[in-house]
Amino acid sequence: MSEMSPVLTKLKQRFPGDVVSTSSWRGDDTAVIKREAITRVLEFCKNDPDLAFNFLMDLSAVDYLTYPKAQPARFAVAYHLYSLSKNQRVRLKVFANANEEIETACPLWKSANWMEREVYDQYGLTFKNHPNLKRILNHQEFVGHPLRKDYPMRKRQPLGSVDSLMDEMEKRLKAKGLRY
Amino acid sequence: MKAADDKKMTAAAEPELTGTVPGPEDFYQDLHTDLMFLNYGPSHPATHGTLRSLLALDGETIVSAVGEIGYLHRGFEKSVEHKTYNKVIPYTDRLNYCSAILNNIGYTKAVERMLDIEIPDRTKFIRVIVGELSRMIDHLVCIGPQFVDMGALTNLWYVFNEREKVYDVLDKLTGARLTNSYCRVGGLYRDFYDGCEKDILQVVKGIEDAIGEVEKLTAKNRIVIDRTVGICPVSAEDAISYGFTGPTLRASGVNYDIRKAQPYYYYDTFDWEVPVGTQGDTWDRIYVRFYEIRESAKIIRQAIKNLPGGPIWTEDKRVKLPEKQDTYQNIEGLINHFKLIFEGTRVPAGEIYDASEAANGELGFYITSDGSGYPYRVRVRPPCFMNFAAFPEIIEGFMIADATVTLGSLNIIAGELDR
């Protein structure tokens, strides 16, 4: 890590107080961002002409409960951005504990909607102002968050009911000004 | 309003001797026009795979839609945390099971980058050849049933015949038809058998002929044109915001292919082009795949022509199993073999996101390692997930029959969607 990549340098210059640390490994650039600042950093990454990260390629989380090296918090949410015009990638990470909310990225990218739902479902992290934060891969009656390290791999739960989806449908119809 | 209607109804029921005959407008005014809700899937023949949408219908027009997934969720990401790096490969087969080898490549490429291993050129070329072959059959799976949904059954037989022949070759090469598990971290399961190149060139020719026939049958067909042109278009801006990648993104006119943008395995040295659509409608999403099949054929021909000799395994002892005679006849070889199988390859602690161009778009692996032989966390970025997230929104305003062809053109593979 002799010299810092231009993207990380730019982020550090623009947000000296919000970028906690930066690192590069195997060609991947990572910037750890303060939890409260993630929206403005993401917005800057998307709209700044030098960065132009127009894709939110991936949004996922890691549970560091049993990780050998101590981390700032139990969970980390990782945003993988890609810039089509600059052909470059960056990873932004936000550390959070289970009870701490993270601001949603839905207003910036439509793809954030389902990916944030997945993180909520699998890790139990909540996203503030998310339009429809409910489980996505697991069943609605499911108890717990399976990708947490303390969830036993072989645990089974009997699940039976059917999600009518009418809660989502009602929201959607309301947004369109329709009644049924 | 209600009382007035009732009055009208009773008035209409009585025989009228004078006045005008009620026209169609009067008829529709009295008709009950509440929205109707319809569950489209999860086990409907037109929703290839376990996909569910709830549609609010006004007549046959979809006014609003929401989707639900998870019917095929089997905990891929949780399961693989309890496997050594090499044991994850069969799990990756079951992501996009229509092109298993492309998933193998995506995963092994990511782990090799973490280990900082350079694989031999022959392995890279073989991965390109079988990978492109997998891409071709994956696109055939999209194209064939797509036309069945429109009532053109013949086309399915044309393309699936050829797909079957590809499976025969893959069967001979890898020992399995669908779930090949062909790649290994640092190498391949086995080298090409004698005459494999000839077999591959033959099936590639077969596929090209088949899609040529299908194109002749469909591209100027009035029904196909009416049912796909201008149906459920996605603008370039929306496609980027939805996180579309692969053929669905390129159909919207965005030229992004990882094989060109961030070339791996000498993709930049082959002579081929990225087909791009203009409208982003269902027509573009289907026909961009025809062109991609032809480009894949071009790549395969060039790769076979320039296929280098040499070993298929890296010499790196961290991943390569010792020769069998060493395993059986000297203690170091035995220990090496035992540790690699039972403890797994130790990958240095760190995290990477590695993307490769799978048949449906960017297949990303975000792997976190704690330095042991087991991955600490493997996140798969499945291209289908973003496509299906957009599906309920893009079908709004169109009809049920349009939703069916649009779903086919997005080529959602449930194994990858739900993991």
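Things worth noting here:
- Computed over the Cα atoms of the protein assembly as shown, pair by distinct pair, the Kirkwood hydrodynamic radius stands at 25.9 angstrom.
- Annotation for region A:1-73: GluC sites (Glu not before Pro) lying in DSSP loop with at most 15 further Cβ atoms inside 10 Å of their Cβ are A:GLU3.
- Residue with peak Gaussian network fluctuation, chain A [Cα springs, cutoff 10 Å], from A:VAL94, A:VAL62, A:VAL162: A:VAL162
- Residues considered: A:LEU165, A:LEU51, A:LEU108. Largest GNM mean-square fluctuation over chain A, using C-alpha springs under 10 Å, is found at A:LEU165.
- nm² value of the averaged projected area, convex hull over the Cα atoms of chain A: 13.1
- Cβ neighbours within 10 Å from other chains - mean over B:52-62: 2
- Cα-derived Rg over Rh, computed across chain B with Rh taken as Kirkwood radius: 1.11
- Pairwise centroid distance, computed over Cα atoms, of region B:66-141 with region A:1-71, Å: 27
- In order along region B:272-289, the Karplus-derived 3J(HN,Hα) couplings, from 6.51 cos²θ - 1.76 cosθ + 1.60 at θ = phi - 60°, round to 7, 10, 9, x, 10, x, 10, 9, x, 8, 4, 4, 4, 5, 6, 7, 5, 6 Hz, and Gly and Pro are given as x.
- Out-of-range pairs (alpha-carbon distance over 31 Å; input A:LYS12/A:LYS171; A:LYS46/A:LYS134; A:LYS46/A:LYS176; B:LYS172/B:LYS298; A:LYS155/B:LYS324; A:LYS176/B:LYS220): A:LYS12/A:LYS171; A:LYS155/B:LYS324; A:LYS176/B:LYS220
- Beta bridges assigned by DSSP with both partners in region A:27-180 are antiparallel in approximately 75 percent of cases.
- In region B:137-218, chymotrypsin sites (Phe, Trp or Tyr not before Pro) in a DSSP loop with at most 15 other beta-carbon atoms within 10 Å: B:TYR193
- Whole-Hz ³J(HN,Hα) from phi, Karplus 6.51 cos²θ - 1.76 cosθ + 1.60, for region A:150-166, glycine and proline x: 8, 8, x, 5, 9, 5, 10, 9, x, 10, x, 6, 10, 7, 6, 6, 5
- For chain B, the longest principal axis of the Cα atoms and the long axis of helix B:196-218 meet at an angle of about 10 degrees.
- Average partner coverage of A:82-89, which counts Cβ from other chains inside 10 Å: 3
- Counting Cβ atoms of other protein chains within 10 Å of each Cβ in A:69-81 and taking the mean gives 1.
- Take chain B and mark each of the GluC sites (Glu not before Pro) that is in a DSSP loop with at most 16 other Cβ atoms within 10 Å; the longest unmarked stretch, sites excluded, is B:119-272.
- Region B:227-293: C-alpha pair distances exceeding 15 Å, %: 50
- Computed from Cα positions, the angle between helix B:383-394 and the longest principal axis of chain B comes to roughly 10 degrees.
- For chain B: relative contact order, % (alpha-carbon pairs under 8 angstrom, 6 or more apart): 24
- Helix A:38-47 axis, angle to chain A major axis (alpha carbon atoms, nearest 10°): 70
- Comparing A:SER24, A:SER164, A:SER83 in a Gaussian network model of chain A where C-alpha atoms under 10 Å apart are linked, the largest mean-square fluctuation is found at A:SER164.
- Placed amide H near B:TYR40: partners under 5 Å, 5+ positions off or other chain: B:SER53, B:LEU54, B:LEU55
- Each listed q (0.16, 0.23 Å⁻¹) maps to a log10 I(q)/I(0) for region A:85-180, found by the Debye formula over equal Cα scatterers with no solvent: -0.85, -1.29.
- For B:ASP116, net neighbour charge (Lys/Arg +1, Asp/Glu -1) across residues whose Cβ lies under 12 Å away: 0
- Sequence-ordered 3J(HN,Hα) estimates for region B:139-144 from the Karplus curve with 6.51, -1.76 and 1.60 and θ = phi - 60° stand at 5, 5, 5, 6, 5, x Hz, glycine and proline given as x.
Since every read-out is calculated from the coordinates, none of them should be taken as a lab result. Please read all numbers here as calculations on a predicted model, not as lab measurements. Note: ideal-geometry Cβ built from the backbone for every residue, glycine included; neighbour counts use all protein chains shown.
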